[in-house]
Each structure stands twice: as C-alpha cells, then as structure tokens.
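Note sheet for the following structure.
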Amino acid sequence: MRIGIVGGGLAGLTLAWFLDGLHDVVLLEARPRLGGNADSVQVRCDGRTHTVDLGVRETAPASFPVWRHVAREVGLTTDDLVTCPSTRTLTREPEPAPAWVSSAGPGAGSRPVTPDGPVRRALTWFAAEAARWEAEDLDWDSTLGDALESGPGDAHRAADLLCALPASLHGCTLEEARGLSARAAGAPFTGPRRSEDGPPEVTYLRGGAGALVHALADDLRTVTVRVGTPLRAITAEGGCFTLVDAVGGLHSVDAVVLALPADRARDALAPLAGTEELRGLLAAVAYRELAYALHSDPFGMPTDRAAWSTVNTAVRDGWSETTAWYGPAYGADLFVSQVTHRAGRPRRELARSAYRALLPTPEAIRAQRRLASASHRERLFFAGRPTTPIDTQEAAMASAAAVAGRLAPDAGRLRRLRHRKEGD
C-alpha cells in the first residue's frame, strides 16, 4: 500500500517510523525541517554550548510508554536524559513578592517557600482533584470553571492562580481558561512525579527534543521525506487519493494520514467530496498563537533569586505568561519566556520562535475523539494535534501508534511496543 503522511511533526514522523519498510510511504512537511514543535537550538553561555528547546521540552520516561519504547529503539539511553527538580513560582504582578513558591526540597536554604494559607490549600486541593480526575477517567466535558465553582472557598479566592498555568499553556485569558476542559486544564498538575525525598522532577533530553527527531529521521530506510513541501489539496479519483503539493508535485496514494493542525487539515480536505462532516469536526478545534524567546538575562523571573523556579508564571491584566529557567538542568542561566502579551522584552535575546497552542474546550475534545476514530472510506486518518487534547510528546506518539495499528497491525515495531508495555 502507498501511504501519504502530511505533517512532519512528532506524530507524523513517528508514524512514518512505525510504517518504515512495510508500506511505500511519502511524508510531506511544509517547514524546512522536521519536528514541528520539537524545536531545539544550540547557544553558547558561560563558555559552553547548550541545547535548549524553544518548543516542547519535558518528557517523563517512567509514565510515557510509547516515548520510552521509541527512544530505546532509535538508540537513545538514560545517558541522554537530564533530570532536575521541578519547582514553580506564581506571581501576581505588579506585587513584588510571589503569591506562591513551591518547595525545592532539602538544602534549598533561604528559599521563601509559601507557608500554609489560602493559596497553598487551593493549589493542594486542585492538584488532588486533577489526580482524581485522571485516576477515575473523568469525562472531558466538565469545565475548569465548574470545578472552581464547586471547590472550597480557598479555590474561589485563588482562582486566578489556579487558572494561570492552563491559561499560559494554551495562550488564553484567565477568564477563557474557565471554559477549558477541567481534566485537560488539570493535566499539568498531575505530573511530573515526586522524587522520594524532594520535589517533583522534570526530565529533558540532553540534546533537546530535536535529538529524538533526528534519531527517528536517521532510522528511516524506505520512507520518502520531502521537507519544504506544503500540501495544497487532496483529490480523489478512481479509488486513489492524490496529494497536490505547493511546489508542483502530485503524489498518488492509497491512504492519507493528516498529522496537521486542525484548521490546515480542514483546508486540505476542502476539495474532497464527502468530507463535510470531518471538516465540521476540524472547525471545532481552535488554536492560539504563542511567541517564545530564549534569553540569558532574568527577564520574567522573580526579583528575589531565592524564589526562582524551573517554571515561573506571572499573572497580569487578565493574562498569564511563563518563563522557564534551565539553570538547575544545565548549570547556566538560560531562560525561555512567553512574550506574546508582555510589554517588555528580554535584553539579551538569543533566539525566538512562535507556536500554536490548542484550546482544549469540551467541544474541541468531543470533536477530537471523533476524529481519532473516524476514517473516510477507511483510508483517511488523523494523527497528532487534531486528535490529542493534551499536547505532550507522548500524546503525539501514541496517536501515531494508534494509526499505525490500523494500517499495519502486525508491524514488528508495534509488536515490540505491545510486548514492552505488557512487561512494564
């Protein structure tokens, strides 16, 4: 079978890797590089070279079975991982002192950890609720606003801080965050896992998320990869699809997998008869544009260095934006800040990029679940962001494994994945 994959982000690339050697596969990617939101850059700081992710960063090998399997298969090992404490600081600007500073574990010294009080109780309550929603497989239809309204008084008083992290992740206002799925909004509060004697830990690839992208691409043997090749349209005739690319190419295929943002997938399907329902579902999935800057000055960080965390979120004028600090992981003061709505800018900016964040509303998630199971004439599939309410590396790769299971259920790489998951 000849299969066309549109989109060379982590979902599309992982799917190509699962199908490599089993089908005749062509992968089209509009950008000049593979990886999508897995965007790693190299910078010099304090006389050393560091690889820093502007896009997706964190992984969790212990709880990411698909990621763990694929990483092992392409040759990545524990030596390629960097683990450090995961800490958080929340600030209501222009208040000088943070509203919340999490513990950094033993030896943190003068760190101004927030004592027991309304904010701490509210965050503790919400983290426990988020863990319960996941453990009980709560439906995705209840909103964050519903959860806050039914919560304790402390949750009402600290509602802006409870909305801050999901609003920052998804690029929406604090008020709009109330309309997000509670389970989706609570997902960041359920991980990473806590170490035995300290705070939770976060794990990065030493070579950045791009190291996994390069390893996957280098492991392809029979897949035809075309970067810098946007899809213009899909047509169907005589039992076959034709992918029409924007550089003049025509690719005749038996099946199509769209691993694209939902709006771009919808545009690609416009010429294809019989896709009205699918396009309606895709229209329910919305995104927001987010700008990120990599810098070496402490822009976006608390004034008191003792209160610095790996994740620092500031609330101001109905928005929240985050600065990630790489110091605990790499021993260098490097930062990645959201700069979409901030008035100021870093003084020592090293790189900049922009990404699109999903708005996981209940309506969008209902559409995504239908898209994940839908197929047009059994030969049109979706993977990645049109089907995943949680935007993690694991979710993208798991969606690829699900599609691969329908196109090549006996693939050796899938069999080994199932075996390892059962063994775990």
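The values are calculated or read from the model by the stated rules, or taken from the named source; none is laboratory data. Treat the numbers as computed from the prediction; the structure is a model and nothing was measured. Positions of Cβ are generated from backbone atoms using ideal geometry, with glycine treated the same way; all protein chains shown enter the neighbour counts.
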Of 257, 227, which residue is of a type in the set (Val, Ile, Thr), surrounded by 19 or more Cβ atoms within 10 Å (Cβ to Cβ) and in contact (Cβ under 8 Å) with a residue 40 or more places away in the chain?
257
Hits in segment 326-344 - residues which are assigned to a loop (DSSP other than H, G, I, E, B) and among the hydrophobic types (A, V, I, L, M, F, W, C)
332, 334, 339, 343
Which of the residues that make up segment 371-401 are on the phi < 0 side of the Ramachandran plot, of a type in the set (Gly, Ala, Ser) and assigned to a loop (DSSP other than H, G, I, E, B)?
374, 375, 383
Could you tell me how many of the residues in segment 342-387 are among the hydroxyl-bearing types (Ser, Thr, Tyr) and without any contact (Cβ under 8 Å) to a residue 40 or more places away in the chain?
3
Could you say which residue among 353, 399 is closer than 23 Å to residue 59 by Cβ, within 20 Å of the chain's Cα centre (by Cα) and surrounded by fewer than 18 Cβ atoms within 10 Å (Cβ to Cβ)?
353
The condition from (1) in contact with a Leu (Cβ under 7 Å, 6 or more places away or on another chain); (2) in contact (Cβ under 8 Å) with a residue 60 or more places away in the chain; (3) farther than 27 Å from residue 39 by Cβ; (4) of a type in the set (A, V, I, L, M) that residue 74 misses is numbered (3)
Here is a list: 304, 333, 317. Which entry is assigned by TED's automatic domain parsing to the domain that holds residue 173, over 20 Å from residue 56 (Cβ atoms) and surrounded by 16 or more Cβ atoms within 10 Å (Cβ to Cβ)?
333
Could you figure out which of (1) closer than 25 Å to residue 51 by Cα; (2) not in a strand (DSSP E or B) isn't true of residue 280?
(1)
Take the residues of segment 260-277 that are under 24 Å from the mean Cα position of the chain (by Cα) and part of a loop (DSSP other than H, G, I, E, B): which is farthest from residue 100 (Cα to Cα)?
260
Take the conditions without any contact (Cβ under 8 Å) to a residue 60 or more places away in the chain, under 18 Å from the mean Cα position of the chain (by Cα) and either under 24 Å from residue 54 (Cα atoms) or assigned to a strand (DSSP E or B) (or both) and apply them to residue 323. Does it pass?
yes
Those residues of segment 272-302 which are modelled with pLDDT of 95 or more and of a type in the set (Val, Ile, Thr), in sequence order:
285
Candidate set from segment 235-248 (those that are assigned to a strand (DSSP E or B) and in contact with a Pro (Cβ under 7 Å, 6 or more places away or on another chain)); member that is surrounded by the fewest Cβ atoms within 10 Å (Cβ to Cβ):
235
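Is segment 140-149 home to any residue that is free of Cβ contacts under 8 Å to residues at least 12 places away in the same chain, surrounded by fewer than 17 Cβ atoms within 10 Å (Cβ to Cβ) and in the same structural domain as residue 179 (by TED's automatic domain parsing)?
yes
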Selected residue (only one of 285, 339 is under 23 Å from the mean Cα position of the chain (by Cα) and touching a residue at least 60 places away in the same chain (Cβ under 8 Å))
285
Within segment 347-367, is there a residue that is touching a Pro at 6+ places or on another chain (Cβ under 9 Å), outside any helix (DSSP H, G or I) and closer than 30 Å to residue 20 by Cβ?
yes
Charged (D, E, K, R), in a loop (DSSP other than H, G, I, E, B) and in the same structural domain as residue 372 (by TED's automatic domain parsing): which single residue out of 226, 221, 232 fits that description?
221
Out of 247, 257, 311, report the one residue that is more than 25 Å from residue 404 (Cβ to Cβ), among the β-branched types (Val, Ile, Thr) and in contact with a strand residue (DSSP E or B) (Cβ under 7 Å, 6 or more places away or on another chain).
311
